[in-house]
1. Which of the helices (runs of 4 or more DSSP H) found entirely inside segment B:177-228 contain at least 3 residues meeting this: within 14 Å of another protein chain (Cβ to nearest Cβ)?
2. State the number of residues belonging to segment A:67-121 that are away from chain B (no Cβ under 14 Å) and under 18 Å from residue A:188 (Cα atoms).
3. Just for segment B:156-214: of the residues that are surrounded by fewer than 20 Cβ atoms within 10 Å (Cβ to Cβ) and under 30 Å from residue B:128 (Cα atoms), which one is farthest from the chain's Cα centre (by Cα)?
4. With the requirement that a residue be farther than 16 Å from residue A:355 by Cβ and within 26 Å of the chain's Cα centre (by Cα), what does segment A:274-311 give you?
5. Conditions: (1) modelled with pLDDT of 95 or more; (2) assigned to a loop (DSSP other than H, G, I, E, B). Residue A:36 meets all but one. Number of the miss?
6. Listed residues A:90, A:55; which is closer than 18 Å to residue A:5 by Cα and free of Cβ contacts under 8 Å to residues at least 60 places away in the same chain?
7. Which one of A:166, A:79 is at pLDDT below 95 and either closer than 28 Å to residue A:40 by Cβ or crowded, with 21+ Cβ neighbours inside 10 Å (or both)?
8. Looking at A:174, A:150, which one is within 12 Å of chain B (Cβ to nearest Cβ) and either out of contact with any strand residue (DSSP E or B) (no Cβ under 9 Å at 6 or more places or on another chain) or part of a helix (DSSP H, G or I) (or both)?
């Protein structure tokens, strides 16, 4: 196992009051994996990252790297590098000097420093810009310098603290692919902090979703999206609809939840909620199919179109159900179809495979 | 784009600005023209602003009457030494007070800033007693050592250092740099404007120092230029032309210094938000 966080807690004390920023987090990160800490502002993800880096000491628990306890090692002795949100490039040094900064401290021979710096500049695609100062580079180029400066140290762990948050949407997309490419090429264990779930989904081997200092769920991007363990995760990752009810059958493949407000029972996958307990069926907007059919079918609900938006590749509906709740649904394959009317009756279908149940 | 004010606004505005500029610079201009006047023209009636002819002999006369060369050297040596020492000690202290976490740090800073409120005249006698007991009277040491660091310089640099993003320091730390390395390779190079500003303030203050050398030095070998100039004033005669010629000469090093550092100086003032 590459990096292990054993039950770490961080409490900040100020003016006599305690603020628990990280609350008993346990996490095992395999060597060479890219793990993303995902969560809203203030959920403790950056504090966790700073404890791994050594900039903050845990109040409880320990940090282990390849079996060695590094909890109390200073940051410069951990063999960990970090890409900062603001890039933290030294403004008075050129690209080359920025990248070579850490190597020079290591007292490596001048030729080796030059060779490794050049290799890293090539890897991040900045050849020809070696002599430029950070203020003469674009945001994306600055990000690449920051990445090169971290990679050149050949760290055991590479930390990313919201590295793309200062870039525009298009650049963010290309840079995250670039980061993933380089991370896979170098196979460095990486911990990536972001509040952007799309970013997390696209680059991670493992996503750790955090809220109020605690881990709400960890799993592959597919797992956390398809099989969220609680409402927070379901809601935080992508758009979601909840259908409230009571579990009638607990079965991971063929469960049943009864909704009293909709006067219907639904087939769904229910691995988590015991019979008789409040349950929520999680259905993603794209899991619905819509039709004008009137016939009652299993896993179908009738509703009224409140509004819709045409978004090029698809239509996004807001549909009001008989119990007053609102469903968000997407409809693709729009060619040669007529646009719906507001107030029109629609029937929404979903398959049991696309209906996941969580505790209510 | 900013709109240029109309002529009706600009003309009176320029007149006001030029008038203020002339009023502010009048003593300086008067000093310059007096340096070229004949002694009889200085207080002639009716008063004459410009001399009949520009007399350069006042400069030679002033230099003959007092050991100007020695005094100028002493002032330059003392002002540069104090400036260099303050650069070292103030920046170390400012770094500690801005970046290192230790118990009592804020209290130390508060006391330090508090000393700015104490007028130098109040500390003159105690300081004299201390240096006298240390046997430092009549030496360069007495002019330099008590001023090796200053609360104002520490305050100015501390404020500037606080503005340097902490992430830069953390980036250097994680790359393996220690505190000393960070100080010399990151903090100091990024603080050039503040360092130049502090240097200029310090140099001018010590170049113009009058009271302390007057009190602590009686040997002309160590005397400084401002005290030297006062020698043109005596109980029965004041040689205004010599005095002004000598004063004009003392301004030259400051103008040269300012010429070289003005860009960084203005930047330092605007960044630190401090002016003296």
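1. Working: elements: B:179-182, B:192-207, B:211-216.
Filter on segment B:177-228 gives B:179-182, B:192-207.
2. Total meeting the criteria: 4.
3. Result: B:214.
4. Result: A:311, single match.
5. (2)
6. A:55
7. On the way: A:79 fails: either closer than 28 Å to residue A:40 by Cβ or crowded, with 21+ Cβ neighbours inside 10 Å (or both).
The match here is A:166.
8. After applying the criteria, what remains is A:150.
The values are calculated or read from the model by the stated rules, or taken from the named source; none is laboratory data. Computed from a predicted structure; not experimentally measured. Every residue, glycine as well, gets a Cβ built from its backbone with ideal geometry; the counts of neighbours run over all protein chains shown.
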